[in-house]
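We did not get these values from a lab; they are worked out from the coordinates using the rules stated. All values derive from a computational prediction rather than experimental measurement.
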Ligand code: PLP
């Protein structure tokens, strides 16, 4: 059976070229980059090169890139570091109700330590208001943290515009760009964000490596104290092979960006159009234009998302559902709830996320299988009279 992996917003396959770039650092090039001798120096140069590759993808300078273990760590470092460095109290965090838990739960935790927290709502297309909140909420003691692209719907917030407003009010701006990096062009020389988080395993590098962009001149305390590594901001001997892998993945992402925006988005559109017209009572979730080229999120009225996933899995197709099985009941995702999607649609939301490794034949297979799965599940749905 051919397997079809359409869950690339959850994680991506490691690009063979990335793996190849990493292998020498798991074998012969084992030096500690802090060592003076040639074993160390050689490795240090490869870390420097990786920093340049990540920076190039973002339109940043290499010294603005800090390697971390994952996107969650990058997010934690910014939010906790911001609150820890307030002169009076813990400051204010403004975020949205559709953030990934790595921001949402961190902000909620910081609220219990004394920070003021505002969670902005979104409209029915998952879009954030762009002007209503700056006046009252943002001052020099405020960190605004908004995701660039939503992991469930792919909806893109107008980060350039919001970041400019926030900076105009004297606030700090962080974006969780874990889903955006490598999929859409990002140029931080033109977008005034202070901090940006990214994650290797969403861009065809392995799990366990991430990065944080910190604009030159912006201060953040270390999350890990200890040695001098990573500009004294993250102690611990560097994860050399994974850093090299992330660098290579960013270089490849730059090379493939145009393809991602044309071939991948046209496959996504073909899949979406077919599902919306061939499956009864199907509805697109999220803004149709302002979104990632690789993501579509569709609900099928009165069907459980997890049942769809299990049936797809039987056909070798991997997708994802917004609902999570908690304490025996299927709760719709916080993103669907924030968008005000009616319950009978929200708990069937199904995400298909493509990558540059997706093929037309794989899309054909999903188009062929989905209508009968939907029909079968609707027949046995307790919600249909
Ligand atoms: N932020 C977003 C938007 C994500 O989609 C994810 C992962 O799904 C994360 C943060 C967390 O990234 P990591 O798994 O590298 O910690």
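Here the alpha carbons of segment 122-259 define both size measures, Rg and Dmax, at 16.3, 48 Å.
With Cα atoms defining each centre, segment 247-287 and segment 55-127 are spaced 28 Å apart in the structure. All distinct Cα pairs of segment 257-336 go into the 1/r average, and the inverse of that average, the Kirkwood radius, is 14.1 Å.
When the convex hull of its Cα atoms is viewed from all sides, the chain shows a mean projected area of 20.1 nm².
Mean-square fluctuations from a GNM of the chain, with a 10 angstrom spring cutoff on Cα atoms, peak among 241, 102, 50 at 102. Debye sum, Cα scatterers, segment 200-299, no solvent: what log₁₀ I/I(0) at q = 0.10, 0.11, 0.20 1/Å? Values returned for q = 0.10, 0.11, 0.20 Å⁻¹ are -0.49, -0.57, -1.03. Spherically averaged projected area of the convex hull of Cα atoms, segment 326-380: 5.6 nm².
For the chain, set up a GNM with springs between Cα atoms under 10 Å and report which of 368, 207, 87 has the largest fluctuation. Result for the chain, Cα springs under 10 Å: 87 fluctuates most. Contact order, relative form, for the chain: 22 percent (alpha carbon pairs under 8 Å, 6 or more residues apart, mean separation divided by residue count).
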